[in-house]
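Remarks on the structure that follows.
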Amino acid sequence: MTTIPSAQAATPAEPTKVEITPSVGFGWIMQGIRPYLGYVFVGLGLLALFLGWWGASGTPIVAKQVPYLASDGLLAVVLIAIGNRIFLIDDLRRDSGRLDRLEDMVTELHAVLLSRTDAVADSPTTKAASSAKPYLALATGTSYHLPGCAMVASKSAQQVGKADVTSRNLKPCRMCTPPAVKK
């Protein structure tokens, strides 16, 4: 027979309380109706435009047509502008979410690429160079590199100093961008 410790038996399991605030509920409702809200406003704007035309077309006197066109036309422009603004905001929110997810994926990929396991652990090119010869260069190369540069990582590079760089007329590597050596 299994016994339950007295501390666990004495405290009954408390239900987890979930607090729902009005902002959470309203946000959930707005998230559900936001895609359709723009269509509703544009539809109401088109309806106001139609009603303005309908009212103006029923009166033969131009002076009585102007109030229909002015009030209903202005209302139609405002409603259509609000509907288009809702479309724009919804599209920007979706794009922002996509960009956030893409940025997270790029960050993950960057972290994976930086933690290479196939890198050579103890090669002469990755050791710290002496201060007299702080750069690396291939015997027949035309550029000089910083220690640890991927361009010379698996090659037999020689340590070169500033005098060697100027005498051999070496150019800085475009990958690791070592500081320029003055002649």
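The values are calculated or read from the model by the stated rules, or taken from the named source; none is laboratory data. Not measured: the values here are computed from a predicted model. Quick reminder, even Gly has a Cβ in these numbers, built from the backbone with ideal geometry, and neighbours come from all protein chains shown.
Among the residues making up the range 42-60, a single one is over 13 Å from Val78 (Cβ atoms) and surrounded by 17 or more Cβ atoms within 10 Å (Cβ to Cβ): Ala56.
Does Ala70 qualify as being over 26 Å from the mean Cα position of the chain (by Cα) and modelled with pLDDT of 90 or more? Spelling it out, it is not the case that Ala70 is over 26 Å from the mean Cα position of the chain (by Cα) and modelled with pLDDT of 90 or more. The listed residues are Asp100, Asp72, and the only one of them that is touching a helix residue (DSSP H, G or I) at 6+ places or on another chain (Cβ under 7 Å) and of a type in the set (D, E, K, R) turns out to be Asp72. For the range 109-118, the condition holds for no residue, the condition being that it is at pLDDT below 90 and touching a Pro at 6+ places or on another chain (Cβ under 8 Å).
Can you find a residue that is modelled with pLDDT under 90, surrounded by 12 or more Cβ atoms within 10 Å (Cβ to Cβ) and assigned to a helix (DSSP H, G or I) anywhere in the range 4-25? No, the conditions are met nowhere in the range 4-25.
Considering the range 162-177, the residues that are at pLDDT 90 or above and assigned to a loop (DSSP other than H, G, I, E, B) include one that is surrounded by the fewest Cβ atoms within 10 Å (Cβ to Cβ), namely Asn169. For the range 35-58, check the following and say yes or no: at least one residue is within 26 Å of Leu92 (Cα to Cα), in the same structural domain as Leu92 (by TED's automatic domain parsing), at pLDDT below 90 and assigned to a helix (DSSP H, G or I). Checking the range 35-58: at least one residue is within 26 Å of Leu92 (Cα to Cα), in the same structural domain as Leu92 (by TED's automatic domain parsing), at pLDDT below 90 and assigned to a helix (DSSP H, G or I).
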